[in-house]
Every structure is written in C-alpha cells, then in structure tokens.
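Readers should treat all values here as calculations from the given coordinates under stated rules, not as data from a laboratory. This is a predicted model, so every value here is computed, not measured. Here Cβ is always computed from backbone atoms with ideal geometry, including for glycine, and neighbour counts include all displayed protein chains.
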Amino acid sequence: MNTMQQNAKASVNSSTLPPSRATLVHQLLFAALGLFLMVAAYKCVVQKSFLGDDHVHLVWLREAVKDPSLVLRNFGSNWLYAWTTPQCYRPLISVFMFTDYLVWHRNAVGFHITNLVFLVISCAALFGCVFEVGKWSKEDGLRLWPIFAACTFALYPSHPETVSWVTGRVDGIVTAFYLISLYLWMLWRRTGKQAAFAGSVASMLLSLASKEMAVTIPLVLFLYEFLRPMSSSAGITTESSPSKPSPRSVPSWLLKNTIRSFASTGIVWGILAAYFVLRRVVLGTFIGGYDDTLAVDCQLLASNWISGLHKLFVPINCYYEQNNAALASYWTGLTIAVYLVALVGFFRKAHRNQLLFFLGFAVASLFPVYKLFIGMPDLQGSRFSFLASAPIAALFAFGLAHFPQLLKLPKGPPSSIARATIAIAYFFTAASMLWLNNQPWTTAGRWASTMESQFRQIFESSSSNKSHKDDHFIFFNTPNNYRGAYLARNAIGDMGGHENLDWRAIEQIDRMGELGQCRESIADGTKAYKCFYWSDTLGAFVPQTLPPNKRQEIAAWNSLPFSDKFKVISSADRAHAGSDGLTIKPGNSTVMMLLNLDKLTPWQLELLELKFDKTATAPSGIASSELMEPQLISASMPSLDGPKDPRRTIFVPRLMPGWFSATKSPNFVVQFPSNWAGHVTAEIAPVHTFLPKLTRTSKDRFTTTTSPISFSFDVAQIPGAAGAIIEISKRNAFFSQQNTDHMEPNLVLKKLDFATLHSQVTMTEKDFVGTGAYQIRCWAIDKHKQPIGLSSDYILAIVL
C-alpha cells in the first residue's frame, strides 16, 4: 500500500466503521415496522381485479402467450406497438407483464404482489444510496438516516397510483433500477469493485428500457461526482470535501471539478447518447411522452407545478381530506417542522453537500415530467412524482434522524427516545394517509369486477337469443375513475370482450369518445339501442329507456307560459314570471329558476336558449342528477349584429351523458347574481341551428393507407353560415369540451376551409402527423370566415 493510501486510510471517519450491534437492532426494528405498516396499508388493494390500462396489456398478453416472439419484437418498436404510445420505449415493462401473466394468468393478485416487491427493492436501494452518502460526514447520528429514508419512501402517501394500479408499475420498475444503478455506482466509487460498476451500468440500461425518465441518471451521477469528497483512490474516502477554494480561484475550481465529474461519468453519458440514437431509429423521435414538442404554456405550467408540489408534500386524496382534517393537519405540521430542522444542515459544512445531492436528485427527477406534473386533488398523476419522492424521502429522513445533533440537544437516552417517538408517530401517520388514499383503488377493483360480470351476462343473454343477435347496446355513465382510481379508462373494449356486438360505453364526462354521434343515432331513430346506466349508488348497471326526441312535444313546451316551465325563487319580490318570460328588478338578493321537469324529460333538453336584455353579467346554470356531481354547462354567445338584439346564453345539457340518461332526481337551475336586472325568455333551441351536424360515414374510426376515414358535415340550418371549418386536434391532445363557443388554436393541428354548407370529406393517414388519436370537429363560419354558433360533436380518428 502506498503512502497516499495509508494517509487517507488513517483519516477515514468513524462512519465507515461497521455499525454497532445496537444500531443494527434499531435498524431491523424500524425495518420490520415499516414493512408491517406498508403491507397493512396496501393489503386492501391486493385483489383479483385489473383496472383501466391494465386491460390494454391483457389484450397484448393473450397474443404474446401464443407468440412469445412479440416480447422480443417489443425491444424494436414502440411500447406494445400501440397507437396510444407512439413515443414510448418501455420493453422491459412488457417482459415483467409477460412473466406475471405466465404465472398468474388473469389473476391480478400476483401482479399486485410484483408491484409491492419492486417497492421493497426501491426501498432497499434507497437505503444503500443514503448509507453511501452518509459516509461523507464524520459526525455521529448517521446510523438511522438510511432506514428512516427507506421507511419514509415505503409509506409515502402519494404512491397508490404507482403501486396499487398494475400498470402503475412502470414508475415503480424504472425507480427500482434507477436507485440500484445509483447505489452500485456509489459502491464502486468507494470500494473499486468492478462487479458494482458493471451492475450499475446494467441497471441503468434496464431503467432506460423501463421508462424515459431514466435519462436523468447521468445527470444525478454527475452531481454525485461533483459533490462527493475527493478520494485518493478507489476504496478510500477521506473525511471531508476538498478544501474550499479562495474567491479568486472559484471559477478555476468549478471548471476543474466539472471536467473531472464529466470524465468520471463519461461512460453513462455515452450510454445515454446511444439510447437517444436507438429511440430515433426505433420510434423516429428523440422526444418521449404524448407529443413531439417541448413547448409549454408557461402560465399553465406554473399553475400545474404549484398544485403538483402541494400534492407531493401534502398527499391526501381530496375526497377524504375534509373528514380527516386533523390527520392532514398533523402530517403538514410535522412535515414542515422536520424539513425546517433539515434546513439547518445546509448551513453546516459537514452536511451541505449531502443535502445538495438529494435536493439536486429531486429536481432532476422532475425534469422529464415537467409537462405532466399537475397534482390533481384526487392524486391522479401522482405516479409522475414517484421517483422524485425517493430523494425527498431522504431529505425528510435527514431531519428526522439528525434533529438531536442539528439542534445540539444533549446526547443520551432522552434524545434517542424523542427521535424514535417522533419517527414512529410519523410512520403511523403516513401509513394512515396511505391507507386512506388506497380506498378508491379498493372500490374501483370491486366495481371493475361487477362491470365485467354484467357485461358478460348482458351480452351472453343477447347472443343466446337468435332474435336479438343484432342488438345494439349503449352503457351510459361508465366511470372513467373512482375518486382518482382508474376504472373504465382504456379498459372497456377488453372488459366487454364482445367485438361481434355493436355496443358503446359513454363515460361520465366524455371528452374523447363520440357521445354526440351516439346521441344523434338514438334521437334520429337510426338505431334502437338497449341502454344501461351505471349507478354509483348501487355500484351496478341499471336498465334505462330513452324515448326518441319528439319535436312536437318540444314545440308544445316552448309555447307554455314561463311559470309552467320554471319555478322561480326570489326574495323581496324581485322576480315576476309572466306568460312571455321573467322580469327581474334591481336588488341585492339572488334569483334562481328551477326547471320544471314534469313538463319534459331530461332527454329532450339538448340546448336551452335564454334571451335577455343587454347586461354586464350573464347568468350561470347548473345541471345535475342523483348520480353525478353538478357541473357548469353554459356556453355564452356574443351579441348579434345590431344594438337592439338581445343577448343570449346557450346551456348545453347534451354534453353530459349523466344528465340525459338519468331517470331519478335530475335538476336544472339557472342562477342570476344579485346585481342582475332585466327580462328573460327561455326555450329549447333546435340543435342544428346552433351547431353543425357532423356524421361519420366510414365503417370505423381507424385509418391506414388502405382504410380511409370519411364523414359529412352540414351547416345549412345555421343562420348566417357561408361555409365551414373542419378542425383536427393535435395527436393525443383532445379538445376541452364538445359543443363549445370558443376555438382552441393551441390544440389544433390542421384546419380545412370549405366554402360550401355541406360536403363529404375523406381522409387517410397522410392527412395526419404520425400514429395516435385525433379529434375532428366542425364550425360554421360567416362571410368573413369568423366562427358562429357552437362547435359540432366529435368524430374520433385513430391512425395506425
């Protein structure tokens, strides 16, 4: 051993010595507690049901079992060769799905267990990372930092979407290999073991084959090399960081340290470059995600990040927050206190680089998901912060484990007992919130089983009866999710499993499907659908009868006195209902109009037109039913040409499948603010005098070179129409709502102008940009080529 090694070894700090027996016991006890609480929190979701996108994988797995070469082919194509994942390269996920399917078939229990195993692996790898970084300091009290970090990560309440949802394993698997790669790299740099280096590189490759966010591994390793204490040789770590350079030499020191760090991590940067070349060859793009652009709306991005960070640090599902306010407040208070204590470490030289590493790691982890980091109140999308929660757990655990030293409390049993008590209280709090956040996934699993069972019963009953073999089915209000837990999302095709039948499922809020097309075919009587409505109250489908529109009944309703159409609620006699409308006097109280549904059914009310005197404030409207939450459904229309024309607001209940298919306790309320005064009339408006009629004429919505998609439009009934515009949305970027009164240029890929009032249009894959899903809608335009009225219903085009 040379002199440099001997001198370095003599200065090795005490943290490199083997842990004491008492420390090992403490670590094992906390590990056992964390494992017990984790299993208790996730036990309720280990069930037999698949949810949402899981069914997309099941379709692929059934084919892969017949032809295992599909698994290998996935390494040379986009994920599952699906139109929904054109920029996703994730073959390793399919490998684990395939192996699970070989063992468990359609029993989701085993898939959930695999997800939990990867969570445990991630915890163990995080333990190793924190253990290695902990060696940078010679201070005592570092022994419990790694196990506290592992337990914090295991019980972090924002993880259900990743762990409880089978498809959520994408983030669980990439995180496991990501953390393993970091740990083995650290181990190699400390010990010089070549096996650790090979394992780190292999784990990076596996992580890159799992999800795109692994591209930040080289950046994190660079940060590790930049911040870690200098080593005289592999296997020997000195007790402190390089001496602080003088102010004049700082630029030179930064440059040298940067060059050294890049040189140390050169191989992983080379792997990353090769990965991007592979993406270009296989997928035709360097960029991942749902589109081919890095551009963002900065204002929207800032709003998304604010809500995302809030839900990352206070991760409780909004549906349970009110009834568990004390729990959420306790979590928030304890979290803030511990992070404030951890902040002290930034002001101490011994810990500054340790904390900077994990802070930089957390920031780097969020780079790849900067456009998807939204933070929904019900924790939808929380999986995008799963990787970032690992370094965040390490930062939190630092404050939790080190507060006696950071606050300079006297050493001894009292400090140790206080630390253990606070840690245990925190872990039980986290486990309680995690269990609460898992409850929607439990209910969603139960509902999914019911839906599959009912689909099977309904279809088999029809198939067994020859006279009903041509039946058409429509299922209204199918839940896309239950309180943030995915359910029908991308699952209906496989859940129904009867491609030979004509059936459609309409979600509660249907932005992507063709609700308008279904409704038109029912209203026109072109198809006699058997209708079923999903009841959240019953957790089952309920048969429904939807009568076709009868125009004479609508005309009769429009001719009724206003007092027969609405019940008016006002104080101080502000409002008077006459035969021709409602007159509202100036005042400070609110006036409400309640629709009288004894005179018509919700099905008949597609567009409600209110005309009123010119005023600064338009009224608002709420429609709801027993089985869905109220939503604003108004679309304001601008004043028509001429100062004497009244203003108008069009309410569009036809947008809401739960409205027109509900049969129990629906209601519709129009509310006028306190400063509103004027005269109001109301009538059901003819649909196609406001929105174009768009009709699919091709057999299906899929288009290829040899299979075009065709449709027709008609704007002839819209007053003032001189032509039409066809809008095509960007790939996998859907319009915000149907039948709206405002255009959304940021979502438009292409516009087609027509100088005719009606025409037939045919499009092939060449008219789109890459595979994926696109929405097509129509607008009427006036002689100045300005849009008038409302947008049409959607047609969905899927380019294969």
(request) Could you give the size of the charge dipole of the range 310-413 about its Cα centre, using +1 on the Cβ of each K and R and -1 on the Cβ of each D and E, expressed in debye and rounded to the nearest 20? (result) 480 debye
(request) Rounded to whole Å and sorted largest first, list the principal axis extents of the Cα atoms in the range 115-228. (result) 41, 31, 22
(request) Rank-order 260-266, 578-584, 36-42 by packing density, defined as the average count of other C-beta atoms within 10 Å over each peptide's residues, highest first. (result) 36-42, 578-584, 260-266
(message) Past 32 Å, Cα to Cα: identify those pairs from LYS530/LYS599; LYS599/LYS699; LYS135/LYS411, in the order given.
(response) LYS599/LYS699
(request) Evaluate 2.2 N^0.38 Å with N set to the residue count of the range 724-786, then give the Cα radius of gyration divided by it. (result) 1.13
(request) Work through the residues other than GLN322 whose Cβ is under 14 Å from its Cβ and net out their charges, Lys, Arg +1 and Asp, Glu -1. (result) -1
(message) Testing the spin-label approximation: label points 7 Å from Cα along Cα→Cβ at SER579 and LYS138. State their distance in nm.
(response) 10.0 nm
(message) What three numbers, in Å, describe the spread of the alpha carbons of the range 266-409 along their principal axes, ordered from the longest?
(response) 58, 43, 23
(message) Restricting to Cα pairs below 8 Å that are 6+ residues apart, what does the relative contact order work out to for the range 649-800? Please round to a whole percent.
(response) 28 percent
(message) How far apart, in nanometres, would the label points at MET592 and LEU278 be if each is projected 7 angstrom from Cα along the Cα-to-Cβ direction?
(response) 6.0 nm
(request) Please list 480-491, 112-123, 383-394, 22-33 highest first by mean number of surrounding beta-carbon atoms within 10 Å per residue. (result) 383-394, 480-491, 112-123, 22-33
(message) Could you derive backbone 3J(HN,Hα) for the range 758-769 from the dihedral phi with the Karplus parameters 6.51, -1.76 and 1.60 (θ = phi - 60°), listing whole Hz in sequence and x where the residue is Gly or Pro?
(response) 7, 6, 9, 10, 10, 10, 10, 4, 5, 7, 10, 10
(request) Mind pulling the per residue volume of the convex hull built on the Cα atoms of the range 683-800? Å³ is fine. (result) 99 Å³
(request) Show the residues, 5+ positions off or on another chain, whose built amide H is closer than 5 Å to the amide H of SER759. (result) PHE713
(request) Can you tell me how much longer the chain between ALA40 and HIS105 gets when fully stretched, taken as 0.36 nm per residue apart minus their C-alpha distance, in nm with one decimal? (result) 20.9 nm
(request) Kindly provide the Kirkwood hydrodynamic radius of the range 33-142 in Å, to one decimal, from all pairs of distinct alpha carbon atoms. (result) 16.5 Å
(request) Scale the Cα Rg of the range 121-175 by the rule-of-thumb value 2.2 N^0.38 Å and send over the ratio, two decimals. (result) 1.33
(message) So, R0 is 30 Å and r is the distance between the beta-carbons of LEU28 and LEU327; what FRET efficiency does that work out to, to 0.05?
(response) 0.60
(message) How charged is the neighbourhood of THR167? Take every other residue with its Cβ under 14 Å from the Cβ of THR167, and add Lys/Arg as +1 and Asp/Glu as -1.
(response) -1
(request) Could you work out how far apart the two model spin labels at THR601 and LYS766 are, taking each label as a point 7 Å from the Cα in the direction of the beta carbon, and quote it in nm? (result) 4.8 nm
(request) For the range 603-612, take each phi angle, set θ = phi - 60°, evaluate the Karplus expression 6.51 cos²θ - 1.76 cosθ + 1.60, and give the result in whole Hz per residue in order, putting x for glycine and proline. (result) 4, 6, 8, 8, 10, 10, 9, 9, 10, 8
(message) Expected output is a single nm value to one decimal: the length gained when fully extending between SER563 and PHE286, i.e. 0.36 nm times separation in residues minus the C-alpha distance. What is it?
(response) 93.4 nm
(request) Using 0.36 nm per residue of separation minus the Cα-Cα distance, give me the extension gain between PHE367 and GLU63 in nm, one decimal. (result) 105.9 nm
(message) Below 10 angstrom from the Cβ of THR703, what's the summed charge of the other residues (Lys, Arg +1; Asp, Glu -1)?
(response) -1
(message) I'd like the Karplus ³J(HN,Hα) series for the range 186-196: coefficients 6.51, -1.76, 1.60, θ = phi - 60°, whole numbers in Hz, and an x wherever there's a Gly or Pro.
(response) 4, 5, 5, 5, 8, 9, x, 6, 5, 4, 5
